[in-house]
């Protein structure tokens, strides 16, 4: 799946947070930290552009060093920023990330708050409306998550984006991305009934849902599988459930199955799921019929899922969510190496 030349108009609009992940040392025993640009929608936009699918980021950053770093990144990758807002008062957010020795991460608190909250919480719906309309004219997908629902202003902007996308018949991808820290909850706590109620309109209007296994259990029950989830929702969305190093479970159209994870050494899993989502949407922009795949499409669909999984696996191989993101040719090389038998 070689990347096509980047088109001028964005095909995927990524709404939500851009922030810095402050990575603690592996094992979390003290030591130097690393600051890396991140935030699921920003990660996905950068990954899509790296693969060759034009993307736009919709959100809000502070007028600070983090904001300047994102502006430079988006310019370098070719991410459209016409719907990026700048906040003169609130800072960009820094998230404290703990890592274990296996590279798995746990989100702690935040740094940089000056008492007014963070810029990503204050996305202004009234400022988003005009650039959003222009971007939706040629877009194929709107990608969003649940974090903006934790703040009134960003929740209103999300609802605007969702409503406008549905009116324009732009497909909606939901990466659930439950992060209790953003809701003022302990790091391992699941969503409350009130929070689940906030999520419901997103679930009901999504054409594609990607979630972790624990998120699927919170949202749909511990025994829920992708096919059962698909049947419970009005739009019969594609459903993909990731589970770390365990197999990906998926259902798109008439096809369902499992895909084993690639055996890779994990340095940092931050952003791996966002790279997977980007790889998937990259393929669906080129083969949109696979969203409602028929049985005869199974081979092509499995190739797309392997491509997307390779995007995530490669991103795990170095620190940070954005720097390790692969190009299309790097993904193809990785897949060829995985298919080559090891010497005896």
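The values are calculated or read from the model by the stated rules, or taken from the named source; none is laboratory data. This structure is a prediction, so every number in the text was calculated from the model and none was measured. With ideal geometry, Cβ positions are generated from the backbone for all residues, glycine too; neighbour counts draw on all protein chains shown.
For this structure, a couple of remarks:
- Cβ-Cβ under 7 Å pairs, at least 6 apart or on other chains, the stretch 298-309 side without any contact (Cβ under 8 Å) to a residue 24 or more places away in the chain and on the phi < 0 side of the Ramachandran plot, far side crowded, with 22+ Cβ neighbours inside 10 Å and in a helix (DSSP H, G or I): 300/290
- For the criterion of being in a loop (DSSP other than H, G, I, E, B), on the phi < 0 side of the Ramachandran plot and at pLDDT below 95, residue 32 passes.
- Residue in the stretch 187-197 that is under 30 Å from residue 335 (Cβ atoms), outside any strand (DSSP E or B) and either at pLDDT 95 or above or under 21 Å from the mean Cα position of the chain (by Cα) (or both) present: no
- The residue of the stretch 283-301 that is surrounded by the fewest Cβ atoms within 10 Å (Cβ to Cβ), among those that are farther than 16 Å from residue 172 by Cα and touching a strand residue (DSSP E or B) at 6+ places or on another chain (Cβ under 9 Å), is 295.
- When residues of the stretch 243-267 are limited to those that are in contact (Cβ under 8 Å) with a residue 60 or more places away in the chain and either under 16 Å from the mean Cα position of the chain (by Cα) or under 24 Å from residue 142 (Cα atoms) (or both), the one surrounded by the most Cβ atoms within 10 Å (Cβ to Cβ): 248
Residue-by-condition table, conditions (1) surrounded by fewer than 17 Cβ atoms within 10 Å (Cβ to Cβ); (2) closer than 24 Å to residue 163 by Cβ:
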position	(1), (2)
195	no, yes
202	no, yes
220	no, no
228	yes, no
232	yes, yes
241	no, no
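- Any hit, the stretch 157-167, residues being at pLDDT below 95, touching a strand residue (DSSP E or B) at 6+ places or on another chain (Cβ under 7 Å) and not in a loop (DSSP other than H, G, I, E, B): no
- Some residue of the stretch 260-280 being out of contact with any strand residue (DSSP E or B) (no Cβ under 9 Å at 6 or more places or on another chain), in a strand (DSSP E or B), at pLDDT 95 or above and on the phi < 0 side of the Ramachandran plot: no
- In the condition set (1) part of a strand (DSSP E or B); (2) out of contact with any helix residue (DSSP H, G or I) (no Cβ under 7 Å at 6 or more places or on another chain), residue 217 is compliant with all but (1).
- Of all the residues in the stretch 90-123, those that are modelled with pLDDT of 85 or more and surrounded by 15 or more Cβ atoms within 10 Å (Cβ to Cβ) number 15.
- Of the residues making up the stretch 142-153, one or more are modelled with pLDDT of 95 or more, surrounded by fewer than 18 Cβ atoms within 10 Å (Cβ to Cβ) and part of a helix (DSSP H, G or I).
- All positions within the stretch 224-259 that are under 25 Å from residue 43 (Cβ atoms) and assigned to a helix (DSSP H, G or I): 226, 229
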